[in-house]
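Chemist: Okay, handing you the structure first.
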Amino acid sequence: MQATSLAFKRNAIAALNNPVLQKALNNIKIGFVRKRAAAVAKLPEFGLLRDAGRDLRNHVLDHLDFYLERFEAQVIESGGQVHWARDAAEANQIVLDICRSVNARLVTKGKSMVSEEIGLNDFLEANGIRPVETDLGEYIIQLRHEQPSHIIAPAVHLNREQVADAFQAHHAPYGFTERHEEPRALLDEARQVLRQQFLQADVGITGANFCVAETGSTVIVTNEGNGDLTQTLPRVHIALASIEKVVPTLEDVSLLLRLLARSATGQELSVYTTFSTGPRHPADVDGPEQFHVVLLDNGRSSMIGGEFQDMLRCIRCAACLNHCPVYSAIGGHAYGWVYPGPMGSVLTPQLIGIEVAGQLPNASTFCGRCEEVCPVQIPLPKLMRHWREREFERHLTPMPTRFGLGVWAFFAKRPKLYRRAASFAAWALRRLAGGAGRIKRLPLAKGWTAWRDLPAPPGRTFQQQWAARREQRP
Amino acid sequence: MITAQPKIGLFVTCLVDLFRPTVGFSALKLLEEAGCTVEVPVQTCCGQPAYNTGDRATARTLAQQVITAFESFDYVVAPSGSCAGMIKCHYPSLFEINSGWRVRAEQLSTKTFELTSFLTDVLGLEQANVDYAGTVTYHDSCSGLRELGVKTQPRRLLGTVAGLELREMEESEVCCGFGGTFCVKYPELSNRMVSDKVAHILATGADTLLAGDLGCLLNIAGKLQRDGVAIKVRHVAEVLAGLTGVPAVGEAEGGE
């Protein structure tokens, strides 16, 4: 997809001024933040689980090659196939080749952010294959030709009326001509439409929350059961996963599942947790004839051993999005690419380049709430700061910022001069306030005074007063 | 170990120096009353603006300046969770592991504290012998809260101020939108965040807003006053030290 991250500021302002979006974003606080807090409060050992989750993910990343090879061997052992994709283009081609090998025309899909990352839907459509998203939120945004605005709740930016409009515009061919706005009616309508797709699909594509090295299984968690129908009904199941999703054992999966559901939705466990191990075996009642796993690198291996390695611990729970005051104010589309919020602000520059995504790691107050709730303790503010350092080193920091910082640093490094400059600033600002105690308009600080007054210094600086005091009582 | 009369290097902070000297004198008073000897070493800024803009070289130079000026003291105390957090949590990472500067930064880190945390956690202060006739609400500044664990300390001390009633606001732990240079780089976002904060403050019905960081206070006071809301804004140290005779943040001399 075409990134609009360069226009982040403009996107953000548009989002702030969009009343429909603002109303929808209110749901995040109720739907995610409070539920997570309640779930965590019920589990006294949650802090210890976070330590264990962090350590486990670090262990995997330190031995990533070993676990990936082990996973591949186990997939083959169970009758499946593994395909390695260096980048998005390779991954798309692999999926297309598999689809063509079975003359697929219709593909059902479970929710997959990796699929968004590689732009799979557009690629398949361009090659004559119709992909149908089956996660309700993902299905809705597919009808609207939109990107997900949240990594686990892709349509969180929409309201009921917008969903009703989308269904009315697209469901007539399936015999639905009446417009419904009741959630239950909308859900039933989507179920009936999607049921036909599930039964007709030639290939089912899902993501993978985890790839289990011990068994060669892929694991998905859903709350709708659409993932199960996607991967068991068609003749071919393709699981699309990025390489860091590998986990050593089933025991380890259970640890991460406990962290994932609570952090994501405040559930103890998602409604469906589905393990896929190989194609249908003779004794199985159902399942696909072929089982493929596409493992995508797309720049991740270059993060190993570097200052952004910690980002690869991410298990995509979205707690950092839900708790971010910036994300909560503008939603996900403003970030301009696939991954929004704090995790996106770290990952996106890695995947599409800091020249394009430089705004994202800058649009943070470093309040630290994301790191506080992260189930695997990724130091997100620190990683965003590392991107700012890369920008600064490469002279990508905007000129006004760089210049202002340079002037400030010149004085800050020279205490005597600094004291005089501060004394002058105190005097000047006080004059500008003209006895009002605050300044309404300051030409060089419009960013501040466009929205708030600037409290004026009361007079002499602390250092001036302190020096005077020292003279009085030596 | 607390010596009989610990020697404190007061890190005034650049914002207090320029915008609110009373906070520095409040810290001084509180520390001296608690039995400390306080000095104000040569200082400018902790370097956080450079650090958070990605300019590590400038941040390192300023860190060396602070380390040199403050390392001879028993403790470094700042009336700010943000600046104390910079010295305590971030200075060491500016220097190569095992280098001389790294060791010095780590030593300074162990003896650096935010003011209310130092008064309670280190000095064991339990009582503020002052009064304040007002209903206050307290905003938790991000760095103090999440980097230094400052949460109960100011509230415990405020609880002993005669006449003061503390009313908690919703989401007191959510950022006010200041964020250093963030507030001028992304003014619309910052405005949205501080507007939410103001709404939560108003909902308490408190007449005074307190916090432990001047950056947040300037931001919130500026927004309250732009909105024409008559809520007084003060640094928690001013109330604890009883230095509330001066006009509140952004208020005119002699006028409410």
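Chemist: Find the centroid of the Cα atoms in the stretch A:393-451 and in the stretch A:298-355, then give the distance between the two in whole Å.
Modeler: Centre-to-centre (Cα) distance: 32 Å.
Chemist: How far apart, in nm, are two points set 7 Å out from the Cα along the Cα-to-Cβ line at A:D202 and at A:A7?
Modeler: Between A:D202 and A:A7, the simple spin-label model gives 3.7 nm.
Chemist: Aspartates and glutamates near A:K42 by alpha-carbon distance under 12 Å, same-chain residues fewer than 8 away left out - which ones?
Modeler: Here the aspartates and glutamates satisfying the reach criterion relative to A:K42 are A:E268.
Chemist: So, one more: Relative contact order for chain B: what percent, with Cα pairs under 8 Å and sequence separation of 6 or more?
Modeler: Working: 454 pairs, mean separation 48.6, N = 256.
Computed value for chain B: 19 percent relative contact order.
Chemist: Another question, if that's okay. Please tell me which of these pairs span more than 18 angstrom C-alpha to C-alpha: A:K35/A:K382; A:K111/A:K245; A:K23/A:K446; A:K446/B:K185; A:K382/A:K413; A:K413/B:K185?
Modeler: Checking Cα-Cα distances, A:K35/A:K382; A:K23/A:K446; A:K382/A:K413; A:K413/B:K185 exceed 18 Å.
Chemist: Let me ask another. If you keep only loop residues by DSSP, which trypsin sites (Lys or Arg not before Pro) in the stretch B:164-233 have at most 15 other Cβ atoms within 10 Å of their Cβ?
Modeler: On the way: sites: B:R167, B:K185, B:R192, B:K197, B:K223, B:R226, B:K232; in loops: B:R167.
Within the stretch B:164-233, the qualifying trypsin sites (Lys or Arg not before Pro) (loop, at most 15 other Cβ atoms within 10 Å) are B:R167.
Chemist: May I ask you to derive the relative contact order of chain A, considering only C-alpha pairs under 8 Å and at least 6 residues apart, and to give it as an integer percent? List each step's numbers first, then the result.
Modeler: Details: 787 pairs, mean separation 95.0, N = 474.
That works out to 20 percent.
Chemist: Then there's this: Any lysines with Cα under 20 Å of the B:K151 Cα? List them, leaving off those in the same chain fewer than 8 positions away.
Modeler: Of all the lysines, those that pass the test against B:K151 - Cα under 20 Å, at least 8 places apart if same chain - are B:K88, B:K111, B:K197.
Chemist: Same structure, new question: Name the GluC sites (Glu not before Pro) in the stretch B:48-134 that are in a loop by DSSP and that have at most 14 other C-beta atoms within 10 Å, would you?
Modeler: On the way: sites: B:E71, B:E96, B:E106, B:E114, B:E126; in loops: B:E71, B:E96, B:E126.
Here the GluC sites (Glu not before Pro) that fit, given the DSSP loop and packing criteria, are B:E96, B:E126.
Chemist: Assuming R0 = 41 Å, can you tell me the calculated FRET efficiency for the pair A:K382 and A:T177, based on Cβ-Cβ distance, to the nearest 0.05? Please report the intermediate quantities before stating the final value.
Modeler: Numbers: r = 55 Å, r/R0 = 1.33.
After rounding, the FRET efficiency stands at 0.15.
Chemist: Using a 10 Å cut-off on Cβ atoms, rank the peptides B:202-214, A:209-221 from the highest mean neighbour count down. Spell out each step's value before the answer.
Modeler: Details: B:202-214: 21.6, A:209-221: 23.5.
Highest to lowest by the protection proxy: A:209-221, B:202-214.
Chemist: On a full-extension model of 0.36 nm per residue, what is the gain between B:E106 and B:V122, subtracting their alpha-carbon distance, rounded to one decimal in nm?
Modeler: Working: separation 16, 0.36 × 16 = 5.76 nm, distance 1.84 nm.
Full extension of this stretch gives 3.9 nm more.
Chemist: Tell me, what is the percent relative contact order of the stretch B:7-121, built from C-alpha pairs under 8 Å that lie six or more residues apart? Working shown, then result.
Modeler: Values: 163 pairs, mean separation 33.5, N = 115.
After rounding, I find 29 percent.
Chemist: Counting only the backbone N, which residues of the stretch A:335-365 are under 12 Å from the spot 7 Å out from the Cα of A:R394 toward its beta-carbon?
Modeler: Within reach of a label on A:R394, which here means backbone N under 12 Å from a point 7 Å along Cα→Cβ, the stretch A:335-365 contributes A:349-359.
Chemist: How much of the DSSP beta bridge set in chain A is antiparallel, as a percent to the nearest 5?
Modeler: Numbers: 10 of 35 bridges.
So the antiparallel bridges in chain A amount to around 30 percent.
Chemist: Between A:Q192 and B:R155, with labels modelled 7 Å along Cα→Cβ, what's the label distance in nm to one decimal, could you check?
Modeler: Here the answer is 5.3 nm between the modelled labels.
Chemist: Given a Förster distance of 22 Å, report the FRET efficiency between A:A38 and A:R160 from their Cβ-Cβ distance, rounded to the nearest 0.05. Mind showing how you got there, number by number?
Modeler: Details: r = 25 Å, r/R0 = 1.15.
E(calc), rounded to 0.05, equals 0.30.
Chemist: Next up: In peptide B:212-223, how many Cβ atoms from other protein chains are near each Cβ within 10 Å, on average?
Modeler: On the way: counts 0, 0, 1, 1, 0, 1, 6, 5, 2, 6, 10, 3.
Taking the mean over all residues of the peptide, I get 3.
Chemist: R0 = 56 Å: FRET efficiency of A:F424 with A:S301, Cβ-based, nearest 0.05?
Modeler: Given R0 = 56 Å and the Cβ-Cβ separation, E is 0.55.
Chemist: OK, next. Kindly provide the pair-distance distribution of the stretch A:413-472 built from C-alpha pairs, with 10 Å bins from 0 and whole-percent values in order of increasing distance.
Modeler: For the stretch A:413-472, the binned pair fractions read 23, 41, 29, 7, 0 percent.
Chemist: In nanometres, what is the gap between the two model label sites at A:R144 and A:N27, each 7 Å from Cα along Cα-to-Cβ?
Modeler: 0.9
A short reminder: the numbers here are calculations on the coordinates, not readings from a lab. Just so it is clear, the model here is predicted, and its values are computed rather than measured. Every residue, glycine as well, gets a Cβ built from its backbone with ideal geometry; the counts of neighbours run over all protein chains shown.
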